[in-house]
1. Got a sec? Which of B:Glu241, B:Glu283 is among the acidic types (Asp, Glu), at the interface with another protein chain (Cβ under 7 Å from one of its Cβ atoms) and crowded, with 23+ Cβ neighbours inside 10 Å?
2. Is it fair to say B:Ser213 is within 10 Å of chain A (Cβ to nearest Cβ) and among the small types (Gly, Ala, Ser)?
3. What about B:Arg221, is it open to solvent by 10 Å² or more (accessible area, probe 1.4 Å) and either on the phi > 0 side of the Ramachandran plot or in contact with a helix residue (DSSP H, G or I) (Cβ under 9 Å, 6 or more places away or on another chain) (or both)?
4. Kindly indicate whether A:Ala297 is more than 7 Å from chain B (Cβ to nearest Cβ) and buried (at least 17 other Cβ atoms within 10 Å of the Cβ).
5. Take A:Ala327 and decide whether it is open to solvent by less than 80 Å² (accessible area, probe 1.4 Å) and more than 14 Å from every other protein chain (Cβ to nearest Cβ).
6. Would you pick out the residues in the range A:46-78 that are of a type in the set (Gly, Ala, Ser) and open to solvent by 50 Å² or more (accessible area, probe 1.4 Å)?
7. Might you let me know whether the range B:253-266 holds any residue that is at the interface with chain A (Cβ under 7 Å from one of its Cβ atoms) and crowded, with 23+ Cβ neighbours inside 10 Å?
Number of protein chains: 2
Amino acid sequence: MTGDRVLSYAQARGVAASLMEAMGTPAPAAGMVADSLAGANLRGHDSHGLLRLPWYRQFITDGHAIPDAQPVVVHRSAAAAVVDGRHGWGQLAGRLAVETAAELARAHGVAVVTARNCNHVGRLGEFAETLAEQGLVSILWCNADPAVAPFGGRQRMLGTDPFAAGIPAGAGSPAIIVDFATAAVAEGKLRLDRLAKRPVQAGVIQDAEGRPSTDPEDFYRGGALLPFGLHKGFGLAVIIELLGGALSGNHVGFLPSYQWGNGLVMIAIAPNHLVDRSSFLDEIATASEMLRASPPAPGVDRVRLPGDVESETMAQRERDGIPISGAAWQQLVELAEELEVVLPG
Amino acid sequence: MTGDRVLSYAQARGVAASLMEAMGTPAPAAGMVADSLAGANLRGHDSHGLLRLPWYRQFITDGHAIPDAQPVVVHRSAAAAVVDGRHGWGQLAGRLAVETAAELARAHGVAVVTARNCNHVGRLGEFAETLAEQGLVSILWCNADPAVAPFGGRQRMLGTDPFAAGIPAGAGSPAIIVDFATAAVAEGKLRLDRLAKRPVQAGVIQDAEGRPSTDPEDFYRGGALLPFGLHKGFGLAVIIELLGGALSGNHVGFLPSYQWGNGLVMIAIAPNHLVDRSSFLDEIATASEMLRASPPAPGVDRVRLPGDVESETMAQRERDGIPISGAAWQQLVELAEELEVVLPG
């Protein structure tokens, strides 16, 4: 086991791009996937960062991923479109969905774009950020393979099914970027608790009999994650799972027709089709800053809006670098050896 | 104080229609508002039922509501439109938004319609139900006056800000209808706890200093409701408050420009613009029934999907009638006396 590493963003991106290219992905596409993975690390979402590279290699081995496949828009109808990832990398399908949704939303005021056959689409917040940079509001989600029990249920049925949204703001105020799993926690956190042999927090998992548990092993013995926010979070997760599967053609995760990976739904809205564009941006900025300046609860330094923690982490990691644990680095070293890639350091 | 009453749906609707007409609302519009209010009672959402009539009377007295105003579509741009309720009843503005969204979604695949100046729009789930009956997927929400503290905050900033969504299903399976407040509970429940002098559940309110509380009086002494689902529910509530206010022109609830009442955002999607319509409806039906048939957790009789409790209550109340508490009935009797309306029974 090697020790912990600290990489600059450029180094992290370079590692990811080299490994993606060595897996058979052409340079421009490998660079895009590397941007997404290193970008997730930079914002503190290490579960969606370079950690994923050995899994992506496994997707190829298992026949899920075709490393040089390019996504295409297979269907267009007015303000609606469907992207087929053709079993390539989801980050590429997601980018094509963003470009298509932006074009259609500018023309129609609103657009809906779905994507299928795209493995793991990565961090949804990235797509919301890109749309917000273009002045567009977005709401997006994807379904996934079963890991979460229904509210009141015992069996894994729903995916961890993330929800994201973005709102652009004017006057130099940062965009609001929401991005969360509708599972109480991401499965990656259970893995960390399991490795550390520590209990998980209450209300997060149940055992195979549907009884509440704090032992992470219970999840891996046939238990399930729970939805966040009781019946309300479950309601949101049902919408995400059913529409993510059925509107994309990737299908619901627990059906035999399920196509593996994420079925993506992306809605983009051009505010100028409804209200004055600059008044909208000013109102979001003013309201955001009033929320941030509102008095904090005892023991809290200040009120943070969705996306603020990521911005703070990004500023800190741009300065100090991205920490990579010894265990994660060791996996990258092994992958690099297999692919005959030379890593920095 | 009079005793509790049980009304048939027709009686409840008749009471509401008579009172709305006596307030100055023309018969057809009064009937529509009565449908919405009695329909909420029928589905078990008494907080959105006849209980609201004395408040609506107060809206007129306070100069918020114009009882004979008719909503209009004031702006259209491709798949986007804005409804102005012209300070009439929100149920009418909501219906016009539904009709407009359905027409635009059929033409463009997706539509976004907002509404402003419409007082209280009523139960959002009703609009999702109507769109689902027409085979349309919907996502909708509205902002409201400040009652909820930000996650980590002390002061009331956000409204109780409901979120709703609807998915039509084929093969005789009921539509999935999600409808929940992003506040941990509705304010109506606090009122009931306060009247009964009982503590509220933990994690629902805080006092004026931002400390957790279970004393409902603390909310009325300047405390605040909390968002459901910690930072995740807060993320959803921020999206609802900011977009409900800024995309509708009703403005964010804590800004000086706030126009009172609900700012509504409604997105409708016509699935046939993305995938085969009948395959979509079949997939939703199959997945829904598999979720309902999945094994329940210990102590739970069966897994219910969003909307199922409302369907069960509706069947029971169609048979047994709608219970109205003595206190609520007394308020209706007083309103009827003031308006010179004769109530049944």
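1. So the residue among B:Glu241, B:Glu283 that is among the acidic types (Asp, Glu), at the interface with another protein chain (Cβ under 7 Å from one of its Cβ atoms) and crowded, with 23+ Cβ neighbours inside 10 Å is B:Glu283.
2. Values: within 10 Å of chain A (Cβ to nearest Cβ): no; among the small types (Gly, Ala, Ser): yes.
When the stated conditions are applied, B:Ser213 does not pass them.
3. The answer is no for B:Arg221.
4. Values: more than 7 Å from chain B (Cβ to nearest Cβ): no; buried (at least 17 other Cβ atoms within 10 Å of the Cβ): yes.
Against the criterion (more than 7 Å from chain B (Cβ to nearest Cβ) and buried (at least 17 other Cβ atoms within 10 Å of the Cβ)), A:Ala297 does not qualify.
5. Yes.
6. Answer for the range A:46-78, where residues must be of a type in the set (Gly, Ala, Ser) and open to solvent by 50 Å² or more (accessible area, probe 1.4 Å): just A:Gly63.
7. no
Here's the yes/no breakdown for (1) of a type in the set (D, E, K, R); (2) closer than 17 Å to A:Gly85 by Cβ; (3) touching a residue at least 12 places away in the same chain (Cβ under 8 Å); (4) open to solvent by 40 Å² or more (accessible area, probe 1.4 Å):
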| site | (1), (2), (3), (4) |
| --- | --- |
| A:Leu7 | no, no, yes, no |
| A:Met20 | no, yes, yes, no |
| A:Ala29 | no, yes, yes, no |
| A:Met32 | no, yes, yes, yes |
| A:Leu37 | no, yes, yes, no |
| A:Gly44 | no, no, yes, no |
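The values are calculated or read from the model by the stated rules, or taken from the named source; none is laboratory data. Here the structure is a predicted model, which is why all the values come from computation and not from measurement. Note: ideal-geometry Cβ built from the backbone for every residue, glycine included; neighbour counts use all protein chains shown. To get the accessible areas, we keep the full protein, side chains included, count just its heavy atoms, and leave off ligands, DNA and RNA. Shrake-Rupley method; radii C 1.70, N 1.55, O 1.52, S 1.80 Å.
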